[in-house]
Each structure stands twice: as C-alpha cells, then as structure tokens.
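The values are calculated or read from the model by the stated rules, or taken from the named source; none is laboratory data. Since the structure is predicted, the reported quantities are computational estimates derived from the model, not experimental observations. For neighbour counting, all protein chains shown are included, and Cβ atoms are generated from backbone atoms with ideal geometry for every residue, glycine included.
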Amino acid sequence: MAYLASASDLSTIYEVNETYASMASARPLPDSFIEKSIEIIISKAVIIEENAFTRYALYTITGRDSSGPFEASRRYSDFLALRNQLLYRWPGCFVPPIPPKKILGNLTSNFIESRKSLLQRFLQRISQITFLYTSEEFQMFIRGTSDFEVIIKNLKVATRDIMIVFHSLFCEFVDAEITDEIRVKLVEYDNFLKNSLGLFVEFAKAVKMIKEQFERFKRHFLDVNCKIKAVEKEYIMKLQESEMQIDNAQVRFAIPNPFKELHSWAKNEIADISAMLNTISICHSFENRKKKLERKLSLENKLVNKAQKGIDNIWKQMAHITKKYPEDPELKKARIKSEIEDITQILKIMTARLCEEELPVFKAERVKAYEDMMALYSELTLEGFTRISESAMRVHIEMLDN
C-alpha cells in the first residue's frame, strides 16, 4: 500500500514559503485555547503487507480542533520525518521526542502497542505547544492524505524566513543581550544534562532487571499458592482424618509491578533529556555556522583587496578552474553579510528563549514528572506487597477456619 501526493497537497509545496512567512503577521493562539480545544489520539495501528518483503505498521491519527475533525494514516518513518522538519524549521525550540527506531521485532503486537502509546504522547505534547501545532508541517501531517515524506522534501525554508517568523512570534526576545554569562550557563547546563543522561541510562538498566525479576517472582508466587492447595487436599486432610472445605480457586488477582512504571518513566526521561541536548546542540551549530560564514566573508574581503591591488585576473583564473564565471564578489559579500545578520538574529532569539523560557519549563516538568512518579511508585509498591501479604494470610485463615 503506497501513498501518492495529491494535486492539492503538491500545490501547497509551491506556496509554503509565502505561507510560512505570513505567520509573521499573526501571534500564536493562547495556550489555554489550545489546551481546551484540541483532541488528538492514535485510534488504531494495523500491519500493512505490500508484498512478501514489505510489511510495516500504519498508525491512524484522529482528532478535532477549532478547524474541525481530522484523520490521517502515518508510518513511523513519517513521524520521524515530521520531527526532523520541526527541528529544521524551529531551531532552538524544544521538540518532544518520539520512540527510537528499531529494526528487528518492530511488528510484534506488544511493540506496536507500546510505540502507539509513545507516538500518541508525542502528538499530545505537540498539541500543547501552540506554534508547533499550528505550523504548516504539523497541520499537513494530521490532515494531509498523501505521502508525508514526499511532501516535506520540497518544503524548503530560507534562513531569512525563519528569522522573520522568530521576530514576530518571539518578539519579547528580539532585544535580548547574549552575554558571556548566558553562554557559560548554557554550556554548564549542557554538561549537566549529559551527566544526567548517563545516570539515567544506568538507572534504567537496573530497573529493567528488577522489573523482569519481579514478573518472575509473581509467576512463582502464584505457582506456590496453587501447590499449597494441593498440600491441603492430599496431605493435611488425611492427617486430620476429617473433611475440609477446600477453596480450589487459584489466586489470580492482579499484583501490580511498580518497577514497570518506574522503567517507563526512566525511558521517558532519557528521551526528554536527549531531546533537550539536541535542542542545545542546534544552538551550538548555529554559532559554528555563523563563525564559518564570518571566516568566509573575511576570505572574500582579502580576495577583493587583492583584486583591487592589481591582481584583477584572479576571477578569470577561478573561472577557468570552475568552468564558469564566479559570482560577482560584491554581490557574494552582500549575500554572506545578509546571512550572517539573519543567523545572528535567530541565534540571539533562540538562545535567550532557551535560557529564559525553554529550560525553566523543562526543569519544572522534570521535577513534576519525578514527584508524580514517586507517588505512583509508592502506591503501586504498597498495593503489590499488600496483595501478596493478603494472599498468604488468606491461605492461613482458611486452614484455621477448617
């Protein structure tokens, strides 16, 4: 089963730059509006067999917002392409993570159900970030009927377009000053997150081990309870030489595994920390890109100066090497200068916003997630061992009653 781009979807490609730039004239919707008006879920996941060699999971997205109901069917690769596109168009903005790619065992029912849940979490988190949810690429993702990867290959946005949108949507950061103190703070937080990531990776390994051990314990525990019934029937009854009312019902009530939820939380934290590190690395990449352009501009200035001193045949020599006449040096310098200015503006806004908005929100969310997890972990641990205790007490009480 393959998708083909419709005429309506392809027509959007040629208008996207104009549409994207026009976002600069409108402020984003209030977060409260977004939270109350959007419903978005993955309603089902099915395995598609195109042929004997091609099988994949297809996820159906359904929902409703202020523009009405929507539905789209997407593969995992589409989700990956969407996130990459969001990172490209919204540099320095935190984009929620999606589950990692898996080559083998990615079509088992348990894996698909787990991935479906995580992809739905991704969509719902995006729905709480106004500018990401209302973006051209995300709306095409949840409403388009065509192959998403084919569409976005042509959704190219210039650095100038990104700068214009950032100036409008994040205008409170336009005049921010990026001091050395802010740069040091960002580097320190980057190092902190890298250390935290290593900590969580080790923690997740330990929790996964005890989670699996607890599942084995539950199976052995239920098996022992069943064997206790056999001991009562075949051994105790004969010792008492009297009839006993044996409760043959097996203990089958659910014993929650608190380590399962703890492991899921640890994996989610690893994904979120990695996503924030990715966000910070994009800021660093813009810094490097700016420095590279500045070096390039300096080189162009030197070449122009040499030409002005009498070495005016340098351009002819370059044309001979490249087989075409080179770009006019003054126009090239102007183009590089313009790009440096655009990148400088984007870098200033993204860095200020990252330090003053994204990171504080990220910190608060991490603390809240930890507090919620510890409350749930305590509750499930107490419930699980209480049920184990009650099961053992039930056996003892039944024997006393008889």
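Values computed for the structure shown
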quantity: Among the residues listed as LYS302, LYS290, the single one being surrounded by fewer than 14 Cβ atoms within 10 Å (Cβ to Cβ), modelled with pLDDT of 65 or more and either basic (Lys, Arg) or in contact with a Cys (Cβ under 9 Å, 6 or more places away or on another chain) (or both); calculated: LYS302
quantity: So VAL95, is it hydrophobic (A, V, I, L, M, F, W, C), modelled with pLDDT of 90 or more, within 22 Å of ILE282 (Cβ to Cβ) and not assigned by TED's automatic domain parsing to the domain that holds LEU293; calculated: yes
quantity: Whichever residue in the range 183-193 is within 22 Å of the chain's Cα centre (by Cα) and surrounded by 13 or more Cβ atoms within 10 Å (Cβ to Cβ) and, among such residues, is nearest to ASP272 (Cα to Cα); calculated: LEU193
quantity: Single unsatisfied condition, LEU82 versus (1) under 22 Å from THR54 (Cβ atoms); (2) in contact with a Leu (Cβ under 9 Å, 6 or more places away or on another chain); (3) modelled with pLDDT of 95 or more; calculated: (2)
quantity: Single match in LEU104, LEU80, LEU87 (criterion: buried (at least 17 other Cβ atoms within 10 Å of the Cβ), among the hydrophobic types (A, V, I, L, M, F, W, C) and not assigned by TED's automatic domain parsing to the domain that holds MET350); calculated: LEU87
quantity: Residues that are small (Gly, Ala, Ser) and either touching a Leu at 6+ places or on another chain (Cβ under 8 Å) or surrounded by fewer than 12 Cβ atoms within 10 Å (Cβ to Cβ) (or both), drawn from the range 144-182; calculated: SER146
quantity: So PHE70, is it among the aromatic types (Phe, Trp, Tyr), under 22 Å from ILE270 (Cα atoms) and surrounded by 12 or more Cβ atoms within 10 Å (Cβ to Cβ); calculated: no
quantity: Hey, LEU277 part of a helix (DSSP H, G or I), at pLDDT 95 or above and in contact with an Asp or Glu (Cβ under 8 Å, 6 or more places away or on another chain) or not; calculated: yes
quantity: Failed condition for LYS363, given (1) under 30 Å from SER264 (Cβ atoms); (2) modelled with pLDDT under 80; calculated: (2)
quantity: Inter-residue pairs, beta-carbon under 9 Å, first without any contact (Cβ under 8 Å) to a residue 24 or more places away in the chain and in the range 198-224, second loosely packed, with under 12 Cβ neighbours inside 10 Å and of a type outside the set (Gly, Ala, Ser), 6+ apart; calculated: none
quantity: Residue check for PHE94: touching a residue at least 12 places away in the same chain (Cβ under 8 Å), surrounded by 20 or more Cβ atoms within 10 Å (Cβ to Cβ) and assigned to a loop (DSSP other than H, G, I, E, B); calculated: yes
quantity: All positions within the range 53-91 that are polar (S, T, N, Q) and not in a helix (DSSP H, G or I); calculated: THR54, THR60, THR62, SER66, SER67, SER73
quantity: Search result, residues across the range 122-140 that are surrounded by 17 or more Cβ atoms within 10 Å (Cβ to Cβ), in a helix (DSSP H, G or I) and either without any contact (Cβ under 8 Å) to a residue 12 or more places away in the chain or in contact with a strand residue (DSSP E or B) (Cβ under 7 Å, 6 or more places away or on another chain) (or both); calculated: LEU123
quantity: Failed item, numbered, when ILE129 is tested on (1) under 22 Å from the mean Cα position of the chain (by Cα); (2) aliphatic (A, V, I, L, M); (3) more than 14 Å from LEU87 (Cα to Cα); calculated: (3)
quantity: Residues of the range 203-241 that turn out to be within 30 Å of the chain's Cα centre (by Cα) and over 30 Å from ALA271 (Cβ atoms), as a count; calculated: 0
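The rows are residues; the columns are (1) modelled with pLDDT of 95 or more; (2) touching a helix residue (DSSP H, G or I) at 6+ places or on another chain (Cβ under 7 Å); (3) among the small types (Gly, Ala, Ser).
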residue	(1), (2), (3)
PHE111	no, no, no
GLN120	yes, no, no
LEU123	yes, no, no
GLU136	no, yes, no
MET140	no, yes, no
PHE148	no, yes, no
LEU155	no, yes, no
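Yes/no per residue for (1) at pLDDT below 95; (2) touching a Phe, Trp or Tyr at 6+ places or on another chain (Cβ under 8 Å); (3) outside any helix (DSSP H, G or I); (4) not β-branched (Val, Ile, Thr):
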position	(1), (2), (3), (4)
ALA206	no, no, no, yes
PHE217	yes, no, no, yes
PHE221	yes, no, no, yes
VAL224	yes, no, no, no
ALA230	yes, no, no, yes
GLU234	yes, no, no, yes
MET237	yes, no, no, yes
